[in-house]
Amino acid sequence: MPAVAPTLLCADFNALSVLYTHADFLLVYKPAGLGFHREGDEAGVLDVLREQHDGTLFPLHRLDRITSGLLLVARSSEAARDFGEMFATRALEKFYLALSARKPAKKQGTIAGGMQSGRGGNWLLTREAENYAVTQFFSYGLGNGLRGFLLRPRTGRTHQLRVALKSVGAPILGDTRYGGETADRGYLHAYALRFSWDGHDWVFRLLPQGGAQWPSPWPDQAMPDLLAPWDLPWPTVRDTPAKSA
């Protein structure tokens, strides 16, 4: 299938904005600090979008308040159903970037296990099969005391990536809920989406810029991976519970 969407190089990193409009979906940039759901008098992502666009919108996936980056929103129930099937079967690929002030227990690999709710709204990684979550990653030395991570979630659990990096000893910078060092934001960014739709292959990428600690430019050893993260030698995903593989 021919590729349609170009890499997206810029956005207003302080505000929610629509980066691409299709008859069936919107590609949205969400800034860090904006909640997905309404909280009291504070509008959430869909509240803002519904003020800007006519018609019914259907959320397909969510980003935590600390997370910036790319979101897909369906514009019809039919599109929402089909995209939902793509998410469920891993036909739609998502890639994230993160920073940590600590070195992980291993440079790359797969983190898998059950997700169990804990105190204060936190989540824990367990050896159980309930709410099974799978996260794959590569890490990169940035030369400034920080490590960069390219993350590929294979499931979509609450706080999955945040818990996964904590489990390998490298909590996300700014994610104090899970033990990360204090920073001007949580350094987790939904970087790339890749999927087939309407007879075409779609690829969207957006490097993070909203935050003082993001590298600019990214180091040479990371950039080839970031240009086509789907081509990396990701290991086969196992469907049986395991804490780490």
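Per-structure values
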{"quantity": "Residues residue 223 and residue 196, FRET efficiency given R0 of 25 Å [Cβ-Cβ distance, rounded to 0.05]", "calculated": "0.45"}
{"quantity": "Length gained when the stretch residue 107-residue 144 is fully extended (0.36 nm per residue, less Cα-Cα span)", "calculated": "11.6 nm"}
{"quantity": "Residue with peak Gaussian network fluctuation, the chain [Cα springs, cutoff 10 Å], from 30, 107, 94", "calculated": "107"}
{"quantity": "Among 117, 196, 68: highest mean-square fluctuation, GNM of the chain, C-alpha pairs under 10 Å", "calculated": "117"}
{"quantity": "Rough spin-label spacing in nm, given labels placed 7 Å along Cα→Cβ, for residue 213 and residue 17", "calculated": "2.5"}
{"quantity": "Net charge contributed by nearby residues that have their C-beta within less than 11 Å of residue 94 (K/R +1, D/E -1)", "calculated": "+3"}
{"quantity": "For region 53-59, Karplus couplings with θ = phi - 60° (6.51, -1.76, 1.60), whole Hz, Gly/Pro x", "calculated": "10, 6, x, 7, 10, 10, x"}
{"quantity": "Size of electric dipole in region 59-207: Cβ of Lys, Arg +1 and of Asp, Glu -1, about Cα centre, debye, nearest 20", "calculated": "540"}
{"quantity": "Max mean-square fluctuation residue, GNM over the chain, Cα-Cα springs under 10 Å, options 220, 184, 24", "calculated": "220"}
{"quantity": "Net charge over other residues, Cβ less than 13 angstrom from the Cβ of residue 221 (K, R count +1; D, E count -1)", "calculated": "0"}
{"quantity": "Three-way shape label, region 101-245, alpha-carbon gyration tensor, a/c 1.5", "calculated": "oblate"}
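Read-outs throughout are calculated quantities, based only on the coordinates presented, and are distinct from any laboratory measurement. Predicted model only: the values in this text are computed from it and were never measured. No Cβ is skipped: glycine too gets one built from the backbone with ideal geometry, and neighbour counts run over all protein chains shown.
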